[in-house]
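Each reported figure results from applying straightforward, stated rules to the coordinates on display, with no laboratory input. Keep in mind it's a predicted model, so treat the numbers as computed, not measured. Using ideal geometry, Cβ is built from the backbone for each residue, glycine included, and neighbour counts are taken over all protein chains shown.
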Amino acid sequence: MTIGDALKKVRLERGLTQKQMCEGIVSRPFYAKVESNQTGISAESLAKILFLHEIDISSFYKLLKETYLPKENQMSEYLQNKLMFAFDRKDLRQLKEYCKQVHVLPGHKILKLRSIVSVAYLENKLEQIDQQTIKEIYGQFDEGEKWITRPESLRLLANTMPIWS
């Protein structure tokens, strides 16, 4: 979904006219062009519209994610969601299948480590995780305080809590 499509969707959900949606921020004819994907909108104007109508930025972002997320990240995002769903359902068979798919992706080291620990956890074999993998996990946190600001590192920490002493 494009930014224009997403703006139109949330506007219609709120029962607003285009004029009400953009009033005091951009002109209605300009806004109509944004909704019809004929022109872009500045980040500042978009933020003003979202805040004016108390539209949750995270929810709006989710509407856009599939369209704007780089293709190389779409598969990892998809697999990450599938891994979490399988883990939550304690579906070991599916978890292992998604884990295999994660391990053939180029890069995505943290997601690979998370998948290893998730499978070991459901198999009740955390103590059997090899020392090299544990060393790689610990190594993700050796960069001083930088890891605290990276969501993928925080997810890794949450997934690996059972192996920390």
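Taking every eigenvalue of the Cα gyration tensor of the stretch 71-163, multiplying by 5 and rooting it, what semi-axes result, largest first, whole Å? Ellipsoid semi-axes (Å, largest first): 20, 17, 12. Rounded to the nearest whole Hz, the Karplus-based 3J(HN,Hα) values (6.51 cos²θ - 1.76 cosθ + 1.60, θ = phi - 60°) of the stretch 47-53 follow the sequence 4, 4, 5, 4, 5, 4, 9, with x at glycine and proline. About its Cα centre, the dipole of the chain is roughly 440 debye, where the only charges are +1 on Lys and Arg Cβ and -1 on Asp and Glu Cβ.
Projecting the Cα atoms of PHE85, ALA32, LEU64 onto the charge dipole of the stretch 29-87, computed from C-beta unit charges around the Cα centre, puts PHE85 farthest toward the positive end. Each of HIS103, HIS108 was scored by other Cβ atoms within 10 Å of its Cβ. Listed from fewest to most, they are HIS103, HIS108. Here r is the Cβ-Cβ distance between LYS109 and SER36 and R0 is 41 Å; the resulting FRET efficiency, rounded to 0.05, is 0.45.
Which FRET efficiency value, to the nearest 0.05, is calculated for GLU23 and ILE57 with the Förster distance at 30 angstrom and r the Cβ-Cβ distance? Walk me through the intermediate numbers first.
Details: r = 20 Å, r/R0 = 0.66.
For GLU23 and ILE57, the calculated efficiency is 0.90.
Projecting the Cα atoms of GLN140, LEU126, SER153 onto the dipole axis of the stretch 111-162, where Lys and Arg carry +1 and Asp and Glu carry -1 at the beta carbon, places SER153 farthest toward the positive end.
In plain terms, the chain from ASN124 to LYS96 could stretch by 8.7 nm, reckoned as 0.36 nm per residue minus the Cα-Cα distance. Enclosing the Cα atoms of the stretch 11-98 in their convex hull gives a volume equal to 124 cubic angstrom per residue. Our coupling estimate for the stretch 103-114, obtained by passing each phi through the Karplus curve with A = 6.51, B = -1.76, C = 1.60 and θ = phi - 60°, is 6, 9, 6, x, x, 6, 4, 5, 5, 5, 5, 4 Hz, Gly and Pro reported as x. Counting lysine pairs in the stretch 71-163 whose alpha carbons fall under 14 angstrom apart, excluding pairs fewer than 8 residues apart on the same chain, gives 10.
Estimated at 0.36 nm per residue, the fully extended path between LEU16 and ARG150 surpasses their Cα-Cα distance by 44.5 nm. The share of alpha-carbon pairs in the chain lying farther apart than 25 Å comes to 49%. Per-residue 3J(HN,Hα) values for the stretch 17-28, derived from phi via the Karplus relation 6.51 cos²θ - 1.76 cosθ + 1.60 with θ = phi - 60°, read 7, 4, 4, 5, 5, 10, 3, x, 10, 9, 6, 4 Hz in sequence order (x marks Gly and Pro).
Each peptide in 31-38, 122-129 gets a packing score, the mean of other Cβ atoms within 10 Å over its residues, and the list from highest to lowest is 31-38, 122-129.
A simple charge model with +1 on the Cβ of Lys and Arg, -1 on the Cβ of Asp and Glu and nothing else charged puts the dipole of the stretch 71-163 at about 280 debye relative to its Cα centre.
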